[in-house]
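A.B. asks: Once you've had a glance at the structure underneath, I'll fire off some questions.
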Amino acid sequence: MKLIKLSFIVAVAIMAIIGITTTSYAFHSGGVASCESCHTMHNSLEGKAMAGTGNTTPTGVGNPAGSKVFLLRGSDQSSTCLNCHEGPTLSSYHVSTPIASFVNSAPVNRGPGGDFGWLKIATTTSTATTSAVQRHGHNIIAADFNYVVDPQNATAPGGTFDATKLSCISCHNPHNQLRITGDDATVMVKPAIGSAVGAIAGSASAVTAATLPTVAAPKGPYRFLRGAGADQAPKSNPYVFAANPPVAVSPSSYNRSESATDTHIAYGSGMSAWCGNCHSAMNDSAGDIATGNAGHPHPVNKVLGADIMANYNAYKGSGDLTGALGYTSLVPVEMGSTSLTLLANAAAVTGRGATYAAIDANAKVMCLSCHRAHATGFPSMTRFYIGGQTTDSAGNYALQSGQVLAQAQAAYYERPSNDFTVNTKNLCNKCHAKD
């Protein structure tokens, strides 16, 4: 009996560590995780050779012939990540659904960044070209999970990042050493020879007003996103970032349906500059709110202004401008703040309509106002369908070519279509109200 009880306790502890529920747990703890969870020193696990096909070595890397690249547990960096981060059920840390586990022909995960599984659906595109399936998101390369290089873009749109190098660690730093030391998330330090700083005590991704980082117990940046400088670039692709991670706070439960409530990621500042590390020509460097630039005519990192702020708060659907507290995770905006306290309080509110405060004069449009970071059910990895209407004459979600209603509902995270009016045009009008 004691053995049974002990086994049960151990099982519960393991479930808590890996996050069986949708709550975020701290395997990475804001910085470097357990080395052996990602690397294998002897290309073995429990007396057997590691699975996967990674038996080659990049030029200039001193691994013996036949060993795993960088001693990884997968064939490549993203495959190593997806060993844990792909899964058949909705879970906090899953960012990819295997095709065999799709429900109603759609991926199951509803994380703020989206599910990479959308990259494998050819029918939910607005074009008939074979390669259009790849337009659903960032084309990470993960040989063990059948994710391949982008067939259309040799480099990042608006930049020079090599598409053949795109992996999870292009954006995330699994060996993160950056530390946030207080309420201002832009103030970061890292260890240096001859200095001593506090050990990373967790992630700032889901802090609360009671768990803010301190100098003695600093926290890693949002989703341990990669920082600026050559020392933050992975050895597999020494592409240097110019901007540090953005400021944002997530609720502790974030990979979930939005059928009844929003998952409110409180974006503070710096997102567009960080995306611009790879997509620099997409950013408006001229500072002209009216024109954007040649790379991307739509401005980013710009205060919305009084007129657009009023449209955003009032817009509920085509012809209906009777709202007042109109924030929506389908069209999020930055709050224009670097304060973790302010953002943590905002992220804790996950209702809809009257539970939100209206956006104010500090609100800014950013890249993620229209796009998700991983992949979506829409072309160009947008949060909503920009190639046509949002709802049809029956009030259902309007469908893309070859799409079924269940896929559309999944792409909108099960948000009821009657949140909008019948025949609502696309959600660019959340800001522009031209319908």
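No value in this document is a laboratory result; all are computed from the given coordinates. Just so it is clear, the structure is predicted and the values come from calculations on it, not from any experiment. Here Cβ is always computed from backbone atoms with ideal geometry, including for glycine, and neighbour counts include all displayed protein chains.
A.B. asks: Among the aspartates and glutamates, select those whose C-alpha is under 14 Å from the C-alpha of Lys219, and discard any that sit fewer than 8 residues away in the same chain.
C.D. replies: Reachable aspartates and glutamates: Asp183, Asp184.
A.B. asks: Moving on to the next point. Subtract the Cα-Cα distance of Thr89 and Ala306 from 0.36 nm times their separation in residues, and report this length gain in nm to one decimal.
C.D. replies: Using 0.36 nm per residue and subtracting the Cα-Cα distance, I get 73.9 nm.
A.B. asks: Determine how many Å³ per residue the convex hull of the Cα atoms of region 80-121 encloses.
C.D. replies: 67
A.B. asks: Kindly put Leu330, Leu399 in sequence by how many other C-beta atoms sit within 10 Å of each C-beta, fewest to most.
C.D. replies: Lowest count first: Leu399, Leu330.
A.B. asks: Using Cβ contacts closer than 10 Å as the measure, can you line up Cys428, Cys370 from fewest to most?
C.D. replies: Ranking Cys428, Cys370 by Cβ neighbours within 10 Å, fewest first, gives Cys428, Cys370.
A.B. asks: If you add up the charges near Gly388, with Lys and Arg at +1 and Asp and Glu at -1, over every other residue whose beta carbon is less than 14 angstrom from its beta carbon, what do you get?
C.D. replies: Working: positive: Lys425; negative: Asp392, Asp435.
Result for the neighbourhood of Gly388: -1.
A.B. asks: In Å and on Cα atoms, what radius of gyration and Dmax does region 352-435 show?
C.D. replies: Rg and Dmax of region 352-435, Cα atoms, are 13.4, 41 Å.
A.B. asks: Something else about it: Using a simple spin-label model with points 7 Å from Cα along the Cα→Cβ vector, what separation in nm is obtained for Thr164 and Val32?
C.D. replies: Once both label points are built, they end up 3.0 nm from each other.
A.B. asks: If each Cα of region 205-245 is one equal point scatterer, what is log10 of I(q)/I(0) from the Debye formula at q = 0.16, 0.17, 0.19 Å⁻¹?
C.D. replies: -0.53, -0.58, -0.66
A.B. asks: Same structure, new question: Ignoring solvent entirely, what values of log10 I(q)/I(0) come out of the Debye formula for region 199-278 at 0.11, 0.13 Å⁻¹ when each Cα is a single scatterer?
C.D. replies: Summing over Cα pairs of region 199-278 leads to -0.37, -0.51.
A.B. asks: Still on this structure, please answer the following. Sequence-distant or interchain residues sharing an amide H contact under 5 Å with Gly220, placed H: which?
C.D. replies: Result for Gly220 returns Ile180, Ala201, Gly202, Ser203, Ala204.
A.B. asks: How long are the semi-axes of the equivalent ellipsoid of region 122-250, taking √(5λ) for every eigenvalue λ of the Cα gyration tensor, in whole Å from largest down?
C.D. replies: Taking √(5λ) for each eigenvalue gives 34, 17, 12 Å, largest first.
A.B. asks: OK, next. Calculate the FRET efficiency for Ser393 and Asp360 from the Cβ-Cβ distance with a Förster distance of 45 Å, rounded to the nearest 0.05.
C.D. replies: Efficiency for this residue pair is about 0.80.
A.B. asks: Here are some pairs, Lys364/Lys425; Lys190/Lys235; Lys120/Lys425; Lys364/Lys434; which of them have Cα atoms lying more than 25 Å apart in this structure?
C.D. replies: Lys120/Lys425
A.B. asks: Follow-up. For the pair Ala348 and Lys434, how long in nm is the line joining their label points, each one 7 Å along Cα→Cβ?
C.D. replies: 4.1
A.B. asks: Which length gain, in nm to one decimal place, applies between Thr186 and His298 when the Cα-Cα distance is subtracted from 0.36 nm times their residue separation?
C.D. replies: Working it through step by step, the gained length comes to 37.7 nm.
A.B. asks: Sorted from fewest to most neighbouring beta carbons within 10 Å, what does the list Ser34, Ser401, Ser257, Ser75 look like?
C.D. replies: Ser34, Ser401, Ser257, Ser75
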